[in-house]
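The values are calculated or read from the model by the stated rules, or taken from the named source; none is laboratory data. Predicted, not measured: the structure shown is a model, and the values here were computed from it. Cβ placement follows ideal geometry from the backbone for every residue including glycine, while neighbour counts extend to all protein chains displayed. Keep in mind that these areas ignore ligands, DNA and RNA; they rest on the heavy atoms of the full protein, side chains included. Shrake-Rupley method; radii C 1.70, N 1.55, O 1.52, S 1.80 Å.
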Amino acid sequence: MPRSTATLPAGSILHAHKLYKGFTLHNQGGIHFPVLQGASLAVHPGDCWALTGASGSGKSTFMRSLYANYRTDQGEIWVQHQGEWKNLTTCEPHEILEIRIYTLGYVSQFLRVIPRVSALDVAAEPLIDSGVEVTVAQAKVRSLFELLNLPSRLWSLSPTTFSGGEKQRVNIARAFAVNYPILLLDEPTSSLDAANREVVVQLIQEKKEQGCALIGIFHDEEVKSRVCNRAMAFSLNEEATISG
Amino acid sequence: MNTLLDVQNLSKAYGSVQACDRISFSLYPGQILGIIGESGSGKTTLLSAIAHQTPSDSGQIIYRNSANQILHINQISESERRQLMRSEWGFVRQHARDGLRMKVTAGANIGERLLDIGQRHYGRIRAESSEWLEQVEIPGHRIDDLPGTFSGGMQQRLQLARVLVTRPRLVLMDEPTGGLDVSVQAKLLDLMRQIVRSLNLSVILVTHDIGVVRLLAHRLIVMRHGKVVEQGLTDQVLDDPHHPYTQSLISATLVP
């Protein structure tokens, strides 16, 4: 076990080591589901990993664990954060918050916002949190909104009433505006039309070229085959296998 | 990063009822800590014990003030505590009537806090009061009206202005959105979020509303029967609840 950071894979930026994670449903008879059983992954800058497998095989649990959204039962998640290795499974809450501001981005399928806050402000928030000036952050978001063909009449409105595809583009702009070294993508094109899917493919390619490491779940086979150069396959009740 | 507040093994009993049972947590600058739990879980007692309005039976409340001094809240004198409450700490009550002075005008409600911290220039106090009214979206011409003539949402925003005018570093909030219409809640939440960010406030937010903590809180503590049953980042606790009580609390929520 890499208890010391010296044994972490050279040149990698994220290393998940033997993750175990199960869920116990206390209100449904205490039933326990083991989901991750020793999943490991080493990620290098410029890689785009596809997490693949059937529904319930653990790919989503794995990705949420990498964001420290799910708390793992066992294992280590080492992340290069501002030149230092940090183990997310032992970090204090305020350390995880900081890692999420500067290092680890996440394109969620959900957009939970306070009604009344405009799409522009919602999308610029993470960039502003990372220390970028408000006007600069808003300009960056406007250019992403334009690229993603989000009609400008929507920018000043709250995304609460947006369609699925519009919300998804706000989420994409929110995460892609920041130069995260690691970006997690949860089905980033699921609600998009062909033209906007193409824009997202281009955005992902650009991130890869800039040395960003991406890890995603892509149900769209075409998008997956175009952007991903590595794959980690999950199957029910078995350890994940790595290919590519 | 230094902690702003450390609560260590805080306990308070009412007779045989243990309202707070060895509660410990740390709060960092700029963080919003949500405390959720059903009625009677001890969350309001905890808030009031932290402010020493309900003296605790045992435990420590350690605060680092703006001069970087370490203060033990339950050991300092009553006047030091009062001074702290007027300047660096603020308390937002669930019922605006408990946090406002209903017999003086809106402007005076805000100005009074400035007088408390030693401001004496009437014109400046009035100017700052009207700035804060604007900040919390109360029309400026209402400055000389009594709070009793305001709607519930306006009263709650006025209370927020009264508390924030002294630029506190730590704000304790007890169900600040309770009893407000959903549309009015959104306005208050948005204001709270903006002000917390611009003033780099730390907040302890007691609520039973999971939607409110989801949108506002960085971290979450779940209380039941006076004990902390679970804590973590807000998204961890709400998306991956471990404790049976947290699981039932979240599964009972319509839109978690």
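Details
- Label point at A:Phe110 placed 7 Å out along Cα→Cβ; residues across the stretch B:172-213 whose backbone nitrogen lies under 11 Å: B:211
- What the protein assembly as shown shows is 43 Å² of accessible area per residue, with the surface traced by a 1.4 Å probe over protein heavy atoms.
- Shape box of chain B [Cα atoms, principal axes, largest first, Å]: 55, 43, 38
- Rounded to the nearest 10 degrees, the angle from helix B:106-116 to the longest Cα principal axis of chain B is 80 degrees.
- Cα-based helix-to-principal-axis angle, A:93-102 vs chain A, degrees rounded to 10: 50
- For chain A, the fraction of alpha-carbon pairs lying more than 28 Å apart is 33 percent, rounded to a whole number.
- Annotation: amide H-H contacts under 5 Å for B:Arg224 (H modelled 1.01 Å from N, sequence separation of 5 or more, or interchain): B:Val229.
- Here the protein assembly as shown is assigned +1 on the Cβ of each Lys and Arg and -1 on the Cβ of each Asp and Glu. Its dipole about the Cα centre then comes out at about 880 debye.
- Averaged over the residues of B:240-251, the number of partner chain Cβ atoms lying within 10 Å of the residue Cβ comes to 3.
- Candidates B:Ile23, B:Gly42, B:Ser87 compared by Cα position along the dipole of the stretch B:1-126: farthest toward the positive end lies B:Ser87, with charges placed on Cβ.
- FRET efficiency, 1/(1 + (r/R0)^6) with R0 25 Å, evaluated for A:Thr161 and A:Glu198 via beta carbons: 0.45
- Whole-percent carbon and sulfur share, accessible surface of the protein assembly as shown, 1.4 Å: 48
- Counting DSSP beta bridges with both ends in chain B, the antiparallel % (nearest 5): 55
- The P(r) of the stretch B:122-256 has a tail past 18 Å containing 59 percent of all C-alpha pairs.
- Ligands, DNA and RNA excluded, the heavy atoms of B:His208 present near 120 Å² of accessible surface to a 1.4 Å solvent probe.
- Alpha-carbon centroid distance for the pair the stretch B:36-74 / the stretch B:215-255, whole angstrom: 21
- The stretch A:112-166 - Rg and Dmax from Cα coordinates, angstrom: 10.9, 30
- Shielding by partners - mean other protein chain Cβ count within 10 Å, residues of A:18-25: 1
- Unsatisfied cross-links (Cα-Cα over 22 Å) in the set A:Lys140/A:Lys224; A:Lys18/A:Lys59; A:Lys59/A:Lys224; A:Lys21/B:Lys43; B:Lys12/B:Lys227: A:Lys140/A:Lys224; A:Lys21/B:Lys43
- On Cα atoms only, tilt of B:182-199 relative to the major axis of chain B in degrees: 80
- Assigned charges on the beta-carbon of Lys, Arg, Asp, Glu; the stretch A:1-129 dipole about Cα centre (debye): 420
- Only Cα sites of the stretch B:98-167 enter the Debye sum here, all with the same form factor; the resulting log10 I(q)/I(0) across q = 0.12, 0.17, 0.24 1/Å is -0.24, -0.49, -1.01, listed in q order.
- Out of every Cα-Cα pair that the stretch B:46-124 contains, those further apart than 16 angstrom amount to 59 percent.
- Placing unit charges on the Cβ atoms of the charged side chains and taking the dipole of chain B about its Cα centre, the candidate lying farthest along the positive direction among B:Val182, B:Val171, B:Ile210 is B:Val171.
- Taken over the alpha carbons of the protein assembly as shown as equal point scatterers, the Debye sum produces base-10 log I(q)/I(0) values at 0.11, 0.13 Å⁻¹ of -1.02, -1.32.
- For the stretch A:169-176, Karplus couplings with θ = phi - 60° (6.51, -1.76, 1.60), whole Hz, Gly/Pro x: 5, 5, 4, 5, 4, 4, 7, 6
- Dipole-positive endmost among B:Ser66, B:Leu115, B:Gln135 within the stretch B:47-139 (Cβ charges, Cα centre): B:Leu115
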